[in-house]
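Asker: The structure that follows is given in the form of C-alpha coordinates.
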Amino acid sequence: MKFLALIFAFLCISSLCGPVQASTPNGSEINSAYTLLRQKIDQSFANASSDASSGPARVQIADYYFRFIHKYQQESNIKSISASDLDLLRRAAIEAYVDTNNRKILDDFLIDIRELDRRGIASERAYQDEVYAFVQARMFENAQGIVAAHPKAVLPPIPKVSITNGFNPDAPAILSWNKDANKFVAQNVNLKDYKLIIVGHPLCHFTQRAVVDISEDDKLMSVTQGALWILPQDGNLDPSIISDWNTHHPNQIMSVVYLAAKWPGFNNWGTPTFYFLKDGKVDRSIVGWPSGGNAKALLSARGIR
Amino acid sequence: MTKLKVKALLAVGFAFSVVGASSYAASTQTVSNTTQQSSSGFQQELLSRNKLERERDYAAAPIKSQADLIWYVGRMPANSPLKQLSGQGRARFLNSLMFGDHGLASFSYADLRAELTASQIYRVLSLFGVQRSTSLIKGALVITPEDKAVMAVPDNVPGLKSASPSLLPDHESYRCLSRGTCESAYTYICTSNC
(Lines give C-alpha, C1' and ligand atoms only; values in the text may rest on other atoms or scores of the structure.)
Protein backbone atom coordinates (compact mmCIF):
# COMPACT_ATOMS: atom_id res chain seq x y z
CA MET A 1 0.00 0.00 0.00
CA LYS A 2 2.75 2.38 0.98
CA PHE A 3 4.56 1.45 -2.22
CA LEU A 4 1.48 2.27 -4.33
CA ALA A 5 1.05 5.55 -2.47
CA LEU A 6 4.66 6.44 -3.21
CA ILE A 7 4.18 5.64 -6.91
CA PHE A 8 1.00 7.71 -6.94
CA ALA A 9 2.75 10.63 -5.20
CA PHE A 10 5.66 10.43 -7.61
CA LEU A 11 3.32 10.54 -10.60
CA CYS A 12 1.44 13.50 -9.14
CA ILE A 13 4.60 15.46 -8.41
CA SER A 14 6.19 14.74 -11.76
CA SER A 15 3.10 15.87 -13.60
CA LEU A 16 3.18 19.15 -11.70
CA CYS A 17 6.89 19.84 -11.71
CA GLY A 18 8.12 18.19 -14.88
CA PRO A 19 8.55 20.07 -18.16
CA VAL A 20 5.35 20.68 -20.06
CA GLN A 21 5.59 18.64 -23.21
CA ALA A 22 4.15 20.97 -25.86
CA SER A 23 2.71 19.26 -28.90
CA THR A 24 5.02 19.24 -31.90
CA PRO A 25 3.45 21.38 -34.59
CA ASN A 26 2.60 19.62 -37.77
CA GLY A 27 5.22 20.40 -40.44
CA SER A 28 2.74 21.69 -42.97
CA GLU A 29 1.25 23.87 -40.22
CA ILE A 30 4.34 26.06 -39.93
CA ASN A 31 4.76 26.14 -43.70
CA SER A 32 1.15 27.29 -44.09
CA ALA A 33 1.55 29.86 -41.32
CA TYR A 34 4.62 31.29 -43.04
CA THR A 35 2.79 31.40 -46.37
CA LEU A 36 -0.07 33.24 -44.72
CA LEU A 37 2.30 35.73 -43.12
CA ARG A 38 3.98 36.39 -46.46
CA GLN A 39 0.61 36.89 -48.16
CA LYS A 40 -0.37 39.41 -45.53
CA ILE A 41 2.94 41.23 -45.85
CA ASP A 42 2.59 41.47 -49.62
CA GLN A 43 -1.02 42.59 -49.26
CA SER A 44 -0.13 45.25 -46.70
CA PHE A 45 2.43 46.84 -48.98
CA ALA A 46 0.18 46.56 -52.03
CA ASN A 47 -2.52 48.44 -50.13
CA ALA A 48 -0.21 51.30 -49.10
CA SER A 49 -1.46 54.19 -51.21
CA SER A 50 0.59 57.04 -52.59
CA ASP A 51 -0.42 59.53 -49.91
CA ALA A 52 -0.69 57.23 -46.98
CA SER A 53 2.36 56.17 -45.04
CA SER A 54 3.62 52.62 -45.01
CA GLY A 55 3.68 52.92 -41.21
CA PRO A 56 0.28 51.26 -40.75
CA ALA A 57 1.37 48.42 -43.07
CA ARG A 58 4.34 47.74 -40.83
CA VAL A 59 2.18 47.72 -37.71
CA GLN A 60 -0.10 45.22 -39.44
CA ILE A 61 2.87 43.01 -40.30
CA ALA A 62 3.94 42.85 -36.65
CA ASP A 63 0.39 41.98 -35.71
CA TYR A 64 0.25 39.17 -38.28
CA TYR A 65 3.60 37.85 -37.14
CA PHE A 66 2.47 37.62 -33.51
CA ARG A 67 -0.78 36.00 -34.56
CA PHE A 68 0.56 33.38 -36.93
CA ILE A 69 4.23 32.69 -36.10
CA HIS A 70 5.21 33.77 -32.59
CA LYS A 71 3.47 30.86 -30.89
CA TYR A 72 5.93 28.42 -32.49
CA GLN A 73 8.94 30.40 -31.29
CA GLN A 74 8.93 29.24 -27.68
CA GLU A 75 12.27 28.00 -26.35
CA SER A 76 10.46 25.21 -24.58
CA ASN A 77 9.29 23.49 -27.77
CA ILE A 78 11.64 24.73 -30.44
CA LYS A 79 13.96 21.77 -29.88
CA SER A 80 11.28 19.43 -31.18
CA ILE A 81 10.69 21.30 -34.42
CA SER A 82 12.11 19.79 -37.59
CA ALA A 83 15.12 21.38 -39.27
CA SER A 84 13.13 22.50 -42.31
CA ASP A 85 10.41 24.10 -40.20
CA LEU A 86 12.98 25.75 -37.97
CA ASP A 87 14.46 27.35 -41.07
CA LEU A 88 11.01 28.57 -42.09
CA LEU A 89 10.54 30.11 -38.66
CA ARG A 90 13.93 31.80 -39.02
CA ARG A 91 12.91 33.22 -42.40
CA ALA A 92 9.57 34.41 -41.05
CA ALA A 93 11.27 36.15 -38.16
CA ILE A 94 14.01 37.90 -40.13
CA GLU A 95 11.61 39.06 -42.83
CA ALA A 96 9.11 40.38 -40.29
CA TYR A 97 11.87 42.00 -38.23
CA VAL A 98 13.30 43.86 -41.22
CA ASP A 99 9.85 45.15 -42.12
CA THR A 100 8.93 46.24 -38.60
CA ASN A 101 12.10 46.85 -36.51
CA ASN A 102 10.23 45.09 -33.73
CA ARG A 103 12.80 43.90 -31.15
CA LYS A 104 10.60 41.06 -29.90
CA ILE A 105 10.60 39.63 -33.40
CA LEU A 106 14.38 40.00 -33.45
CA ASP A 107 14.51 38.03 -30.20
CA ASP A 108 12.53 35.24 -31.87
CA PHE A 109 14.95 35.24 -34.77
CA LEU A 110 17.88 34.89 -32.38
CA ILE A 111 16.17 31.93 -30.68
CA ASP A 112 16.00 30.24 -34.10
CA ILE A 113 19.66 30.96 -34.85
CA ARG A 114 20.76 29.63 -31.46
CA GLU A 115 18.83 26.43 -32.03
CA LEU A 116 20.26 26.02 -35.53
CA ASP A 117 23.72 26.54 -34.02
CA ARG A 118 23.02 24.06 -31.26
CA ARG A 119 22.09 21.45 -33.86
CA GLY A 120 25.14 22.34 -35.93
CA ILE A 121 23.04 23.08 -38.99
CA ALA A 122 23.19 26.87 -39.21
CA SER A 123 23.96 27.76 -42.83
CA GLU A 124 26.02 30.61 -44.21
CA ARG A 125 22.73 32.15 -45.19
CA ALA A 126 21.57 32.11 -41.58
CA TYR A 127 24.70 33.98 -40.51
CA GLN A 128 24.22 36.49 -43.33
CA ASP A 129 20.72 37.09 -42.02
CA GLU A 130 22.05 37.45 -38.49
CA VAL A 131 24.61 40.05 -39.54
CA TYR A 132 21.94 41.91 -41.51
CA ALA A 133 19.61 41.92 -38.49
CA PHE A 134 22.30 43.17 -36.10
CA VAL A 135 23.37 45.93 -38.49
CA GLN A 136 19.76 47.03 -38.91
CA ALA A 137 19.34 47.02 -35.12
CA ARG A 138 22.56 49.10 -34.89
CA MET A 139 24.14 46.36 -32.76
CA PHE A 140 27.42 46.69 -34.62
CA GLU A 141 29.57 44.84 -32.11
CA ASN A 142 27.25 41.84 -32.29
CA ALA A 143 27.46 41.93 -36.08
CA GLN A 144 31.24 42.12 -35.90
CA GLY A 145 31.21 39.16 -33.50
CA ILE A 146 29.34 37.00 -36.02
CA VAL A 147 31.76 37.93 -38.79
CA ALA A 148 34.75 37.16 -36.57
CA ALA A 149 33.27 33.85 -35.37
CA HIS A 150 32.72 32.57 -38.92
CA PRO A 151 35.77 33.47 -41.00
CA LYS A 152 34.95 30.94 -43.71
CA ALA A 153 31.44 32.30 -44.29
CA VAL A 154 30.94 34.99 -46.93
CA LEU A 155 29.85 37.83 -44.68
CA PRO A 156 30.02 41.57 -45.29
CA PRO A 157 32.76 43.46 -43.44
CA ILE A 158 31.33 45.68 -40.72
CA PRO A 159 32.54 49.27 -41.11
CA LYS A 160 33.87 51.19 -38.14
CA VAL A 161 31.28 53.27 -36.35
CA SER A 162 32.24 55.88 -33.80
CA ILE A 163 29.87 57.68 -31.47
CA THR A 164 30.08 61.45 -30.86
CA ASN A 165 30.21 62.76 -27.30
CA GLY A 166 26.79 63.14 -25.78
CA PHE A 167 25.15 60.97 -28.45
CA ASN A 168 21.53 60.21 -27.66
CA PRO A 169 20.21 57.14 -29.55
CA ASP A 170 16.65 57.99 -28.51
CA ALA A 171 16.67 61.23 -30.49
CA PRO A 172 16.90 61.70 -34.28
CA ALA A 173 20.38 60.64 -35.36
CA ILE A 174 22.36 59.75 -38.45
CA LEU A 175 25.44 57.82 -39.43
CA SER A 176 27.52 60.15 -41.55
CA TRP A 177 30.39 58.81 -43.61
CA ASN A 178 33.81 60.26 -42.87
CA LYS A 179 35.86 59.40 -45.93
CA ASP A 180 39.18 60.54 -44.49
CA ALA A 181 38.78 58.56 -41.28
CA ASN A 182 37.19 55.65 -43.17
CA LYS A 183 34.37 55.28 -40.68
CA PHE A 184 30.77 56.17 -39.96
CA VAL A 185 30.12 58.70 -37.21
CA ALA A 186 26.89 58.47 -35.24
CA GLN A 187 25.63 61.96 -34.43
CA ASN A 188 22.35 63.53 -33.42
CA VAL A 189 20.37 65.79 -35.72
CA ASN A 190 18.49 68.87 -34.57
CA LEU A 191 15.36 68.81 -36.74
CA LYS A 192 14.97 72.56 -36.17
CA ASP A 193 18.05 73.08 -38.33
CA TYR A 194 16.25 71.85 -41.45
CA LYS A 195 13.32 72.94 -43.57
CA LEU A 196 13.54 69.90 -45.80
CA ILE A 197 14.70 66.35 -45.15
CA ILE A 198 14.79 63.93 -48.07
CA VAL A 199 14.75 60.16 -47.66
CA GLY A 200 16.57 58.63 -50.62
CA HIS A 201 18.94 55.90 -51.65
CA PRO A 202 21.82 55.92 -54.12
CA LEU A 203 20.67 52.62 -55.64
CA CYS A 204 17.03 53.63 -56.02
CA HIS A 205 16.41 54.78 -59.58
CA PHE A 206 13.55 57.03 -58.44
CA THR A 207 15.99 58.86 -56.20
CA GLN A 208 18.51 59.01 -59.03
CA ARG A 209 15.90 60.41 -61.38
CA ALA A 210 14.79 62.98 -58.81
CA VAL A 211 18.36 64.18 -58.33
CA VAL A 212 18.88 64.54 -62.08
CA ASP A 213 15.64 66.54 -62.44
CA ILE A 214 16.49 68.68 -59.42
CA SER A 215 20.01 69.38 -60.64
CA GLU A 216 18.67 70.59 -64.00
CA ASP A 217 16.10 72.99 -62.53
CA ASP A 218 17.08 76.18 -60.69
CA LYS A 219 13.80 76.38 -58.81
CA LEU A 220 14.07 72.80 -57.60
CA MET A 221 17.69 73.40 -56.66
CA SER A 222 16.65 76.38 -54.55
CA VAL A 223 13.90 74.35 -52.86
CA THR A 224 16.31 71.56 -51.96
CA GLN A 225 19.20 73.84 -51.00
CA GLY A 226 20.44 72.92 -47.53
CA ALA A 227 18.26 69.81 -47.31
CA LEU A 228 19.39 66.82 -45.29
CA TRP A 229 19.52 63.66 -47.42
CA ILE A 230 19.18 60.39 -45.54
CA LEU A 231 19.08 56.70 -46.38
CA PRO A 232 16.46 54.57 -44.60
CA GLN A 233 17.48 52.22 -41.81
CA ASP A 234 18.26 48.74 -43.10
CA GLY A 235 20.84 46.01 -42.62
CA ASN A 236 23.23 47.16 -45.33
CA LEU A 237 25.99 49.54 -44.38
CA ASP A 238 28.29 49.54 -47.38
CA PRO A 239 30.55 52.59 -47.25
CA SER A 240 31.46 52.31 -50.94
CA ILE A 241 27.88 53.05 -52.03
CA ILE A 242 27.60 56.18 -49.91
CA SER A 243 31.14 57.31 -50.55
CA ASP A 244 30.69 56.94 -54.29
CA TRP A 245 27.40 58.82 -54.23
CA ASN A 246 28.74 61.65 -52.08
CA THR A 247 31.77 62.04 -54.33
CA HIS A 248 29.59 62.42 -57.41
CA HIS A 249 26.80 64.43 -55.78
CA PRO A 250 28.34 67.15 -53.59
CA ASN A 251 24.96 68.94 -53.46
CA GLN A 252 23.12 65.85 -52.21
CA ILE A 253 25.47 64.41 -49.60
CA MET A 254 23.79 61.40 -48.00
CA SER A 255 23.92 60.00 -44.49
CA VAL A 256 22.17 56.96 -43.02
CA VAL A 257 19.35 57.13 -40.53
CA TYR A 258 20.37 55.64 -37.19
CA LEU A 259 17.02 54.49 -35.79
CA ALA A 260 13.97 55.33 -37.91
CA ALA A 261 11.55 55.01 -34.97
CA LYS A 262 13.19 58.00 -33.27
CA TRP A 263 12.27 60.43 -36.03
CA PRO A 264 8.83 61.75 -35.00
CA GLY A 265 6.45 62.25 -37.90
CA PHE A 266 8.60 60.30 -40.32
CA ASN A 267 6.14 57.52 -41.06
CA ASN A 268 7.16 56.72 -44.57
CA TRP A 269 10.61 55.50 -45.48
CA GLY A 270 10.02 54.85 -49.15
CA THR A 271 12.60 56.47 -51.42
CA PRO A 272 12.41 59.25 -52.27
CA THR A 273 10.18 60.94 -49.71
CA PHE A 274 10.41 64.69 -49.13
CA TYR A 275 9.60 65.91 -45.59
CA PHE A 276 8.98 69.62 -45.16
CA LEU A 277 9.50 70.81 -41.60
CA LYS A 278 8.37 73.80 -39.55
CA ASP A 279 10.09 74.44 -36.23
CA GLY A 280 11.52 70.94 -36.26
CA LYS A 281 8.17 69.23 -36.86
CA VAL A 282 6.97 67.51 -40.02
CA ASP A 283 4.54 69.83 -41.75
CA ARG A 284 3.91 67.83 -44.90
CA SER A 285 5.47 65.16 -47.04
CA ILE A 286 5.64 64.34 -50.72
CA VAL A 287 6.16 60.75 -51.66
CA GLY A 288 7.83 59.32 -54.73
CA TRP A 289 9.28 60.45 -58.03
CA PRO A 290 7.36 58.57 -60.74
CA SER A 291 8.08 59.00 -64.45
CA GLY A 292 7.16 62.60 -65.19
CA GLY A 293 8.65 63.56 -61.84
CA ASN A 294 7.06 65.31 -58.91
CA ALA A 295 8.45 68.79 -59.43
CA LYS A 296 5.10 70.53 -59.30
CA ALA A 297 4.23 69.07 -55.90
CA LEU A 298 7.67 69.90 -54.58
CA LEU A 299 7.51 73.51 -55.73
CA SER A 300 3.94 73.88 -54.56
CA ALA A 301 4.95 72.71 -51.10
CA ARG A 302 7.18 75.75 -50.94
CA GLY A 303 4.60 78.04 -52.48
CA ILE A 304 6.49 78.28 -55.75
CA ARG A 305 4.65 77.96 -59.07
CA MET B 1 81.42 80.92 -79.98
CA THR B 2 80.58 84.39 -78.82
CA LYS B 3 78.81 85.04 -75.53
CA LEU B 4 75.82 86.30 -77.49
CA LYS B 5 75.51 83.11 -79.48
CA VAL B 6 75.80 81.06 -76.29
CA LYS B 7 73.08 83.13 -74.69
CA ALA B 8 70.92 82.75 -77.78
CA LEU B 9 71.45 79.01 -77.77
CA LEU B 10 70.64 78.85 -74.08
CA ALA B 11 67.53 80.93 -74.63
CA VAL B 12 66.36 78.71 -77.46
CA GLY B 13 67.16 75.65 -75.43
CA PHE B 14 65.26 77.06 -72.52
CA ALA B 15 62.32 77.90 -74.76
CA PHE B 16 62.25 74.38 -76.13
CA SER B 17 62.42 72.93 -72.67
CA VAL B 18 59.50 75.07 -71.58
CA VAL B 19 57.52 74.07 -74.63
CA GLY B 20 58.56 70.49 -74.12
CA ALA B 21 57.59 70.56 -70.47
CA SER B 22 54.22 72.12 -71.16
CA SER B 23 53.63 69.68 -73.98
CA TYR B 24 54.51 66.88 -71.63
CA ALA B 25 52.22 68.33 -69.02
CA ALA B 26 49.51 68.77 -71.61
CA SER B 27 49.94 65.25 -72.87
CA THR B 28 49.93 63.92 -69.32
CA GLN B 29 46.79 65.89 -68.61
CA THR B 30 45.33 64.61 -71.84
CA VAL B 31 46.17 61.07 -70.83
CA SER B 32 44.64 61.71 -67.42
CA ASN B 33 41.54 63.27 -68.95
CA THR B 34 41.40 60.53 -71.50
CA THR B 35 41.71 57.97 -68.74
CA GLN B 36 38.86 59.62 -66.87
CA GLN B 37 36.88 59.95 -70.05
CA SER B 38 37.62 56.35 -70.98
CA SER B 39 36.60 55.26 -67.50
CA SER B 40 33.38 57.23 -67.74
CA GLY B 41 32.96 56.17 -71.38
CA PHE B 42 33.58 52.57 -70.37
CA GLN B 43 30.90 52.83 -67.73
CA GLN B 44 28.48 54.39 -70.19
CA GLU B 45 29.18 51.66 -72.69
CA LEU B 46 28.58 49.00 -70.09
CA LEU B 47 25.36 50.69 -69.05
CA SER B 48 24.14 50.85 -72.64
CA ARG B 49 25.08 47.25 -73.27
CA ASN B 50 23.39 46.17 -70.06
CA LYS B 51 20.24 48.06 -71.03
CA LEU B 52 20.18 46.47 -74.48
CA GLU B 53 20.61 43.00 -73.03
CA ARG B 54 17.79 43.58 -70.58
CA GLU B 55 15.53 44.80 -73.35
CA ARG B 56 16.29 41.63 -75.29
CA ASP B 57 15.58 39.50 -72.21
CA TYR B 58 12.27 41.27 -71.73
CA ALA B 59 11.27 40.85 -75.37
CA ALA B 60 11.88 37.10 -75.14
CA ALA B 61 10.08 36.67 -71.80
CA PRO B 62 6.70 34.87 -71.87
CA ILE B 63 5.42 36.69 -68.73
CA LYS B 64 5.38 40.47 -68.89
CA SER B 65 2.27 41.29 -66.87
CA GLN B 66 -0.15 40.00 -64.27
CA ALA B 67 -2.44 38.88 -67.10
CA ASP B 68 0.41 36.93 -68.72
CA LEU B 69 1.13 35.32 -65.35
CA ILE B 70 -2.45 34.18 -64.88
CA TRP B 71 -2.46 32.75 -68.40
CA TYR B 72 0.85 30.97 -67.90
CA VAL B 73 0.00 29.48 -64.50
CA GLY B 74 -3.31 28.24 -65.84
CA ARG B 75 -1.51 26.30 -68.57
CA MET B 76 1.79 25.64 -66.83
CA PRO B 77 3.94 23.45 -69.08
CA ALA B 78 5.23 20.19 -67.64
CA ASN B 79 8.83 21.40 -67.98
CA SER B 80 8.22 24.85 -66.49
CA PRO B 81 11.09 25.95 -64.23
CA LEU B 82 8.43 27.01 -61.69
CA LYS B 83 7.65 23.34 -61.13
CA GLN B 84 11.00 22.89 -59.44
CA LEU B 85 9.68 24.90 -56.51
CA SER B 86 7.60 23.25 -53.81
CA GLY B 87 3.88 24.04 -53.83
CA GLN B 88 4.10 26.49 -50.93
CA GLY B 89 7.36 27.99 -52.18
CA ARG B 90 5.85 28.56 -55.62
CA ALA B 91 2.72 30.13 -54.09
CA ARG B 92 4.80 32.53 -51.99
CA PHE B 93 7.03 33.48 -54.90
CA LEU B 94 4.13 34.11 -57.30
CA ASN B 95 2.27 36.10 -54.67
CA SER B 96 5.27 38.37 -54.21
CA LEU B 97 5.43 39.41 -57.87
CA MET B 98 4.70 42.99 -58.70
CA PHE B 99 4.43 44.15 -62.29
CA GLY B 100 4.97 47.63 -63.65
CA ASP B 101 4.33 49.02 -67.12
CA HIS B 102 7.53 47.44 -68.39
CA GLY B 103 7.42 44.01 -66.83
CA LEU B 104 8.34 42.54 -63.47
CA ALA B 105 9.11 45.37 -61.07
CA SER B 106 9.92 43.45 -57.89
CA PHE B 107 9.86 39.96 -56.43
CA SER B 108 10.89 38.01 -53.37
CA TYR B 109 13.75 35.62 -53.89
CA ALA B 110 13.47 33.98 -50.43
CA ASP B 111 11.94 30.76 -51.74
CA LEU B 112 14.03 30.72 -54.90
CA ARG B 113 17.17 30.85 -52.79
CA ALA B 114 15.93 28.29 -50.29
CA GLU B 115 14.87 25.67 -52.84
CA LEU B 116 16.79 26.14 -56.10
CA THR B 117 20.32 26.33 -57.43
CA ALA B 118 21.57 29.51 -59.09
CA SER B 119 20.98 28.22 -62.62
CA GLN B 120 17.49 27.03 -61.70
CA ILE B 121 16.76 30.50 -60.31
CA TYR B 122 18.08 31.97 -63.57
CA ARG B 123 15.63 29.85 -65.55
CA VAL B 124 12.72 30.93 -63.35
CA LEU B 125 13.61 34.60 -63.69
CA SER B 126 13.99 34.17 -67.46
CA LEU B 127 10.24 33.65 -67.60
CA PHE B 128 9.98 37.32 -66.66
CA GLY B 129 13.03 38.65 -68.50
CA VAL B 130 14.86 39.58 -65.28
CA GLN B 131 17.35 36.74 -65.18
CA ARG B 132 20.23 39.21 -64.85
CA SER B 133 19.06 39.89 -61.30
CA THR B 134 20.16 36.36 -60.32
CA SER B 135 23.66 37.53 -59.47
CA LEU B 136 22.25 39.84 -56.78
CA ILE B 137 20.80 36.94 -54.82
CA LYS B 138 23.20 36.54 -51.92
CA GLY B 139 23.82 32.97 -50.88
CA ALA B 140 22.30 31.36 -53.98
CA LEU B 141 23.39 27.73 -54.20
CA VAL B 142 26.34 27.22 -56.52
CA ILE B 143 27.14 23.61 -57.39
CA THR B 144 27.79 23.37 -61.12
CA PRO B 145 29.90 25.48 -63.50
CA GLU B 146 26.59 26.76 -64.90
CA ASP B 147 25.62 28.00 -61.41
CA LYS B 148 28.97 29.74 -61.12
CA ALA B 149 28.63 31.39 -64.51
CA VAL B 150 25.16 32.64 -63.68
CA MET B 151 26.41 34.27 -60.48
CA ALA B 152 29.23 36.16 -62.23
CA VAL B 153 28.27 39.72 -61.39
CA PRO B 154 28.77 42.81 -63.58
CA ASP B 155 30.91 44.29 -60.83
CA ASN B 156 33.42 41.52 -61.39
CA VAL B 157 34.40 43.48 -64.48
CA PRO B 158 37.62 45.22 -63.46
CA GLY B 159 37.09 48.80 -62.59
CA LEU B 160 33.32 48.78 -62.75
CA LYS B 161 32.31 48.25 -59.15
CA SER B 162 35.05 50.45 -57.81
CA ALA B 163 34.05 53.09 -60.31
CA SER B 164 30.43 53.23 -59.31
CA PRO B 165 28.36 50.63 -57.49
CA SER B 166 25.33 52.72 -58.33
CA LEU B 167 25.64 51.59 -61.96
CA LEU B 168 23.98 48.29 -61.10
CA PRO B 169 20.35 48.84 -62.18
CA ASP B 170 18.56 46.57 -59.67
CA HIS B 171 18.14 47.26 -56.00
CA GLU B 172 18.55 44.32 -53.68
CA SER B 173 16.65 44.24 -50.35
CA TYR B 174 14.13 46.73 -51.71
CA ARG B 175 10.74 46.34 -53.33
CA CYS B 176 8.92 48.50 -55.85
CA LEU B 177 5.88 50.43 -54.75
CA SER B 178 3.51 51.65 -57.41
CA ARG B 179 3.82 55.29 -56.51
CA GLY B 180 7.35 55.88 -57.75
CA THR B 181 9.15 54.74 -54.64
CA CYS B 182 11.27 51.86 -53.47
CA GLU B 183 10.96 50.52 -49.94
CA SER B 184 13.21 48.35 -47.81
CA ALA B 185 12.11 44.67 -47.95
CA TYR B 186 14.38 41.79 -47.04
CA THR B 187 15.03 39.20 -49.77
CA TYR B 188 13.27 41.31 -52.37
CA ILE B 189 14.71 42.79 -55.51
CA CYS B 190 13.40 45.99 -57.06
CA THR B 191 14.22 45.71 -60.75
CA SER B 192 14.94 48.38 -63.32
CA ASN B 193 11.34 47.90 -64.53
CA CYS B 194 9.99 49.66 -61.44
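Asker: Using a 1.4 Å probe over the heavy atoms of the protein chains, calculate the carbon and sulfur portion of the accessible area of the range B:58-134 as a whole percent.
Answerer: Here it works out to 52 percent.
Asker: Please report the net charge: other residues with Cβ closer than 11 Å to the Cβ of A:Ile78, K and R +1, D and E -1.
Answerer: Net local charge, A:Ile78 excluded: 0.
Asker: Right, something else. Taking only protein heavy atoms into account and a 1.4 Å probe, give the accessible area per residue of the range B:42-103 in Å².
Answerer: Averaged over the residues of the range B:42-103, the accessible area is 59 Å².
Asker: Let me ask something else about it. For the range A:173-305, taking Cα atoms only, what is the radius of gyration to one decimal and the Dmax to the nearest whole Å?
Answerer: Spelled out, the Cα radius of gyration and Dmax of the range A:173-305 are 14.1, 43 Å.
Asker: For chain A, state the average projected area of the convex hull of the C-alpha atoms over all orientations, rounded to one decimal in nm².
Answerer: Reported value for the Cα convex hull: 21.3 nm².
Asker: With every protein chain left in place, what is the accessible area per residue of the range A:180-242 in square angstrom, probe 1.4 Å?
Answerer: 41 Å²
Asker: Would you calculate the separation in nanometres between label points at A:Met139 and A:Ala46, each defined as 7 Å from the Cα along the Cα-to-beta-carbon direction?
Answerer: Going by the 7 Å Cα→Cβ label model, 3.4 nm.
Asker: Using a 1.4 Å probe on protein heavy atoms, which residues of the range A:87-109 have at least 50 Å² less accessible area in the complex than alone?
Answerer: SASA drop of 50 Å² or more in the range A:87-109: A:Arg91.
Asker: Could you please tell me the mean projected area of the C-alpha convex hull for the range B:48-92, averaged over all directions and given in square nanometres to one decimal?
Answerer: Its average projected convex-hull area is 4.1 nm².
Asker: Here's something else I'd like to know. Let me check against my output: what whole-number percent is the relative contact order of chain A, with C-alpha pairs under 8 Å and at least 6 apart?
Answerer: 15 percent.
Asker: Taking the Cα atoms only, what angle lies between the long axis of helix A:2-17 and the longest principal axis of chain A, rounded to 10 degrees?
Answerer: Roughly 0 degrees between the two axes.
Asker: Summed for both chains, how many Å² of accessible area, to the nearest 100, are buried between A and B with a 1.4 Å probe?
Answerer: Result for this pair: about 3400 Å² buried.
Asker: In degrees between 0 and 90, to the nearest 10, how far off the longest principal axis of chain A does helix A:103-119 point, with axes built from Cα atoms?
Answerer: The helix A:103-119 is inclined about 50 degrees to chain A.
Asker: Now a separate question. For the range A:159-226, just the Cα atoms, rotate onto the principal axes and tell me the three extents in Å, largest first.
Answerer: So the extents along the principal axes, rounded to whole Å, are 39, 28, 20.
Asker: Going by alpha carbons, how many degrees (0 to 90, nearest 10) lie between the helix axis of A:239-248 and the longest principal axis of chain A?
Answerer: Tilt of helix A:239-248: around 10 degrees.
Asker: Also, quick follow-up: Please give the contour-minus-distance gain from A:Val282 to A:Asp217: 0.36 nm per residue of separation, less the Cα-Cα distance, rounded to one decimal in nm.
Answerer: Roughly 20.9 nm would be gained on extension.
Asker: Further question on the same structure: In whole percent, how big is the carbon plus sulfur part of the accessible area of chain A, probe 1.4 Å, protein atoms only?
Answerer: It is 53 percent, rounded to a whole number.
Asker: Using only the Cα atoms of the range A:217-263, each taken as one equal point scatterer with no solvent, compute I(q) by the Debye sum, divide by I(0), and report log10 of the ratio at q = 0.13, 0.22, 0.24 Å⁻¹.
Answerer: Debye intensities relative to I(0), on a log10 scale: -0.37, -0.85, -0.93.
The values are calculated or read from the model by the stated rules, or taken from the named source; none is laboratory data. All figures in this text were calculated on a predicted structure; none of them were measured in a lab. Note: ideal-geometry Cβ built from the backbone for every residue, glycine included; neighbour counts use all protein chains shown. SASA here: full protein model, heavy atoms, side chains in, ligands and nucleic acids out. Shrake-Rupley method; radii C 1.70, N 1.55, O 1.52, S 1.80 Å.
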